[in-house]
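The values are calculated or read from the model by the stated rules, or taken from the named source; none is laboratory data. All figures in this text were calculated on a predicted structure; none of them were measured in a lab. Ideal geometry is used to build each Cβ from the backbone, glycine not excepted, and the neighbour counts take in all protein chains shown.
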Amino acid sequence: MSRFWSGFVNELDPYVPGEQPKLANLTKLNTNENPYGPSPKVIEAIRMAASDRLRLYPDPTSAELRQAIADFYRIDTAWVFVGNGSDEVLGHVFNAFFRQEAPILFPDISYSFYPVYCQLYQISYDTVPLSHDFSINVDDYDRINGGIIFPNPNAPTGCLLALSEIERLLQKNTESVVVIDEAYIDFGGESAVSLVKDYPNLLIVQTMSKSRSLAGMRVGYAIGQADLIEGLIRVKDSFNSYPVDSLASAAGVAAMNDKAYFNETCQAVIDERNKVVTGLQELGFDVLPSAANFVFASHKQLDAAVIAAGLRKEGIIVRHFTKPRINQFLRISIGTAGENQQLLSVLDTLV
Ligand SMILES: Cc1ncc(COP(=O)(O)O)c(C=O)c1O
């Protein structure tokens, strides 16, 4: 609080990111980062880009990066928008499309940044309760709205909504923008990018932070028909013309091009996830079906906060949300084989 803050800033309730501890010897399973480093080709591309040319501004249109993304999905570059992490892309999305009369809709249990953008851009919203089994029921979104957004797979549950259900949602909502936040889609889901050609109101948001191991570079993107992308560019160019720096752009291009490394590391995370799920179930946890690089689990007897504190004592951090419906769950990111083994053996002693 400061007397120099505007009343508006005083009222803000900012997003709180997962902890990034300074201690080196912690096992970090709390922020859904990829346990594997980026492709060696990405590191090489960053080295090459670290040159005298850094005195120049980067390309404000990020043409090369957008082309690499367009090539990966076999779509037109005019359908691709890029930004400084998908959080920034999402911020522009809320600003560009969701400042409407009717409230926007998102699930009651979802990415906790969405209400923060609503507050920042003064957007009204209604939350739609997830079903009993924590799934999204698209029929619950059958009402007048200023837009719809949710992650698929959802966060923090990890539950996946089938592509056919997303198409059903789009058929019922043709007059507002529907945003699917696919931060975790590469770990077991099918992207809705294939639907973009048929639905001018569909926007997909993705990130290189998770499946491409580049959380530290901050590269996010959106895919939609050219009209939507143009709207985002208008907002971006009214805010920051150069959101993607030269190093991030070089890294992003190399990451999109190295499909073999991408497929290999995604598969390794999926294989490890399967082992973690089995291990947790054997220890008495209920685990929601996950298509992400994390699992959401609650123990049949032990309190989630007690387990999280016990893990922390042993140097393992996981995420515990204190929200009513999910306060007995822990969100556990999938680590390397060694980290997952360590997690399961410490849990074994705790439960
Ligand atoms: C659902 C979801 N969307 C978007 C993001 C933001 O990712 P980034 O800003 O690193 O691209 C996250 C990060 O954890 C997320 O969980």
Discussion item. Of the residues VAL178, VAL196, VAL219, only one is closer than 23 Å to ASP142 by Cα, within 16 Å of the ligand (Cβ to nearest atom), in contact (Cβ under 8 Å) with a residue 24 or more places away in the chain and buried (at least 18 other Cβ atoms within 10 Å of the Cβ); which?
Written reply: VAL178
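How about segment 110-157: which of its residues are in a helix (DSSP H, G or I) and away from the ligand (no atom under 16 Å from the Cβ)?
Step one: of segment 110-157, the residues in a helix (DSSP H, G or I) are 114-121, 138-141.
Those that are in a helix (DSSP H, G or I) and away from the ligand (no atom under 16 Å from the Cβ): GLN119, TYR121, VAL138, ASP139, ASP140, TYR141.
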Worksheet item: Restricting attention to segment 263-280, which residues are farther than 14 Å from ILE332 by Cα and buried (at least 19 other Cβ atoms within 10 Å of the Cβ)?
Response: THR265, CYS266
Worksheet item: Would it be correct to say that VAL205 is within 9 Å of the ligand (Cβ to nearest atom), outside any loop (DSSP other than H, G, I, E, B) and touching a residue at least 12 places away in the same chain (Cβ under 8 Å)?
Response: yes
Practice prompt. Please note which helices (runs of 4 or more DSSP H) are completely contained in segment 1-100 and include at least 1 residues that are under 19 Å from ILE185 (Cα atoms).
Written response: 63-73, 86-97
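Based on what the data block shows, is SER164 out of contact with any strand residue (DSSP E or B) (no Cβ under 8 Å at 6 or more places or on another chain) and among the hydroxyl-bearing types (Ser, Thr, Tyr)?
Numbers: out of contact with any strand residue (DSSP E or B) (no Cβ under 8 Å at 6 or more places or on another chain): yes; among the hydroxyl-bearing types (Ser, Thr, Tyr): yes.
Considered against the rule, which asks whether it is out of contact with any strand residue (DSSP E or B) (no Cβ under 8 Å at 6 or more places or on another chain) and among the hydroxyl-bearing types (Ser, Thr, Tyr), SER164 comes out as yes.
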Worksheet item: Among the residues of segment 47-100 satisfying the criterion of being hydroxyl-bearing (Ser, Thr, Tyr) and closer than 14 Å to GLU230 by Cβ, which is surrounded by the most Cβ atoms within 10 Å (Cβ to Cβ)?
Response: THR77
Worksheet item: Could you count how many residues in segment 212-227 are closer than 20 Å to LYS197 by Cα and not in a helix (DSSP H, G or I)?
Response: 5
Worksheet, complete the sentence: Being in contact (Cβ under 8 Å) with a residue 12 or more places away in the chain and part of a loop (DSSP other than H, G, I, E, B) narrows PHE321, PHE296 down to just PHE321
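Among the residues of segment 28-39, are any in contact with a Leu (Cβ under 8 Å, 6 or more places away or on another chain) and more than 30 Å from ILE316 (Cβ to Cβ)?
The first filter runs over segment 28-39 and keeps only residues in contact with a Leu (Cβ under 8 Å, 6 or more places away or on another chain), leaving 29, 38.
When the remaining residues are screened for being more than 30 Å from ILE316 (Cβ to Cβ), the result is none.
No, because not a single residue in segment 28-39 is in contact with a Leu (Cβ under 8 Å, 6 or more places away or on another chain) and more than 30 Å from ILE316 (Cβ to Cβ).
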Practice prompt. Please work out which one of (1) at pLDDT 95 or above; (2) within 22 Å of the chain's Cα centre (by Cα) is the condition THR322 fails and give its number.
Written response: (1)
Worksheet item: Is it fair to say GLU19 is over 26 Å from ARG234 (Cα atoms), within 15 Å of the ligand (Cβ to nearest atom) and touching a residue at least 40 places away in the same chain (Cβ under 8 Å)?
Response: yes
Fill in: Only one of GLU230, GLU190, GLU272 that is more than 16 Å from the ligand (Cβ to nearest atom), out of contact with any Ser or Thr (no Cβ under 8 Å at 6 or more places or on another chain) and in a helix (DSSP H, G or I)
GLU230
